[in-house]
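Quick note: the coordinates plus some simple rules give every number you see, no bench work behind them. This structure is a prediction, so every number in the text was calculated from the model and none was measured. Here the Cβ is made from the backbone with ideal geometry for all residues, glycine too, and neighbour counts use every protein chain on show.
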Amino acid sequence: MVAALKAHAAWLVNALAVNRNPLRRPIDRLAACITLLLLMVALIAVPASGLFGSALHTDLTQRAAVSAAITHPVNAVLLTTPAVNTPLSEAYTQDTISSTAVVEWRTGLEQQPHTATIQVPAGSRVGDNLAVWVDQAGNRVPPPPSASSITTSAIFAALLVLLTVELACIGLIAGTQHLARLVSMRAWEREWAFLQHGGTWSQR
């Protein structure tokens, strides 16, 4: 791996050198310039993805704050026996068992009742209490994301962007150099055929 990187770096230096080299063709310099540009993009992607993750974290934090300001938790009561959605034979632990049940909560001065079918902890029973998040109209909404989930989402998004850019650069570099090699080989074949028929080497 180290030897391959050294060889690749040596090729890049030689292809971009300003000295005259009869073995270097214009396609080699073009491929080297494109490779250098893509390497710069790959390097810039590291801090850029960090800035993207930081900006995303700030945006998600602001959205969570807005969500927390217009929603609030209320006490809900289970009305039905929880129905197990995950077969017990497929559940590895008690935490992987998914159960749903109908719950009821009341909001407003008139204590208007609301009901919904939601996921409840395994082992819940009729009459148990649990918290649900509702909006100002009393309708059930997802709870605001926690600080840890926001941080995790921002880091994951930043890494995903970085990985995508790096893989794209690697793929473009490999494709560029492969195409350059094909062009060079065809040029050498034409030059060799020309020499065999009495021509003079153009050194191009």
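Below are the figures for this structure:
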{"read-out": "Order by protection proxy (mean Cβ within 10 Å, highest first), peptides 66-72, 26-32, 168-174", "value": "26-32, 168-174, 66-72"}
{"read-out": "FRET efficiency for Leu159 and Ala116, using Cβ-Cβ distance with R0 set to 35 Å, rounded to 0.05", "value": "0.50"}
{"read-out": "For region 25-88, diffusion coefficient by Stokes-Einstein and Kirkwood Rh (Cα), 20 °C, 1.002 mPa s, µm²/s", "value": "121 µm²/s"}
{"read-out": "Where labels lie 7 Å past Cα in the beta-carbon direction, separation of Asn139 and Cys33 in nm", "value": "5.8 nm"}
